[in-house]
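Below is one structure, written out as C-alpha cells; comments come after it.
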Amino acid sequence: MLGLLTGVYVYDTFFPALSELGGEQRFITLSMVMDIRYGYVAIALGIIFLALSFFLNSIDPAKKFDRGQEKQPLLRREWGWLPTGIIAGLMIFITTAQGQYLSFSGSFLALGAHIADFFGWTMQSVPAVSDNTAWRAMLILGVFPGAFLSSLLANTIKQEKVTPLFQAAFGNRLYLRLATVFIGGVLMIVGALTGGGCTTGAFMSGWPTLSIGSFAMGMTFFGTAMLTAHILYFRRYRLVHEVKEKERLNLAND
C-alpha cells in the first residue's frame, strides 16, 4: 500500500512527460473495427475467455502449492478465480449503474490528491478534488477493513504466512519481501497510471466495453506478469530444487 501511494507521487512528479506518452487517446472498440453489433462480439468473447480461463487454471503450475487448502473450510481458504470473478463482475455492474468507473489505480490517485489537498498541495495530475475523487478514494479506504475481515474469517489475523511459492524460491527473508513488494507497488501504479488503467480499470472494467486499448493493456499485463513470475519464481524454484536434490544424492552416496 505504501509502495502504491509512493508511486502516485512519483507519477505526479513526472506527469508532464508521462502524460505525453502514446499521443492522443481515442476510444476504439472491437465491434467498431469488425463492424459487428456489440452484443454478438461480447457474447462470443465471453465464451472464449471463460473457456480459456478454465484451461489456464487446469495447467497452472502454482496449483501444486495450494493443494493443502482443498480440505480447509470455505472461509479459510482461497476461493479461486471463478467465485471471486463473479463478485468482481457484480461490483463493476453496480458501479457502472451508478454512472461511475471502477478503477483501483485511479482510486489511489484520487486518495493521493485528497491527502495532498489536506496539506495544501495541488497535484499536477489531479488539479482539483471533488465528490467524484472522494468517491474513488473511498474504494482504497475500504481495502483496509476488507483485508482485516478476510484475515479474521480465515483465522490468520494473528499470524503471517509466507506464501509457499515465495518461500520455495526466496526463503523467509523479511527485508527481501519488503523491498520486493514496495518497489513492485511503485512500478505497478506508475505503469498503470501512465497506461491509463490497471487490472481493475483497464482489464475488468475496460474489457466489457470491447475497448481495443483495454485489450492491449490486459494482454501486456498478463504477458509481462507470466514472464516475470516464471523468471522470479518457477525458474528459480527449479534451480533451488535441483541444487537441493544434488545435495540429497551426495549425502545418500556418502
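Bear in mind these aren't lab numbers, they're just calculated from the coordinates by the rules spelled out. Every value quoted in this text rests on a predicted model; they were computed, and no experiment measured them. Neighbour counts are summed over all protein chains in view; Cβ atoms, including those assigned to glycine, are modelled from backbone coordinates with ideal geometry.
Quick check: the angle from helix 2-13's long axis to the longest principal axis of the chain, C-alpha only, nearest 10 degrees? The answer is roughly 40 degrees.
Close amide H partners of T29, meaning residues 5 or more places away or on another chain with modelled amide H under 5 Å apart, are I212.
Pairs of Cα atoms nearer than 8 Å and 6+ residues apart set the relative contact order; for region 1-117 it is 38 percent.
PRE reach from R26 (point 7 Å along Cα→Cβ): which of region 207-227 fall under 14 Å by backbone N? Counting only backbone N, you get 212-213. In terms of the mean number of neighbouring beta-carbon atoms within 10 Å, the peptides 183-194, 126-137, 220-231 order highest first as 183-194, 126-137, 220-231. May I ask you to derive the FRET efficiency for L153 and Y38 from their Cβ-Cβ distance with R0 = 30 Å, giving the value to the nearest 0.05? That pair, L153 with Y38, gives E of 0.15. For I36, no residue whose modelled amide H falls within less than 5 Å of its own remains once neighbours fewer than 5 places apart on the same chain are excluded.
Normalised by the number of residues in region 2-253, the mean separation of alpha-carbon contacts (under 8 Å, six or more apart) gives a relative contact order of 34 percent.
The convex hull defined by the C-alpha atoms of the chain has an orientation-averaged projected area of 18.0 nm².
Measuring r between the beta carbons of L227 and I87 and using R0 = 41 Å, the FRET efficiency lands at 0.90. Helix 235-253 and the longest principal axis of the C-alpha atoms of the chain enclose an angle of approximately 10°. GNM remark for the chain: springs join alpha carbons under 10 Å apart, and the peak mean-square fluctuation among Y38, Y11, Y101 falls on Y38. Across region 133-140, rounded Karplus estimates of 3J(HN,Hα) from the backbone phi angles (6.51 cos²θ - 1.76 cosθ + 1.60, θ = phi - 60°) give 5, 5, 4, 5, 4, 5, 4, 5 Hz, Gly and Pro being marked x. Using the Karplus relation 6.51 cos²θ - 1.76 cosθ + 1.60 with θ = phi - 60°, the per-residue 3J(HN,Hα) values for region 91-99 come to 4, 5, 4, 5, 5, 5, 5, 8, x Hz, with x marking Gly and Pro. Between G213, G89, G39, the residue with the greatest mean-square fluctuation in the GNM of the chain (Cα pairs under 10 Å linked by springs) is G39.
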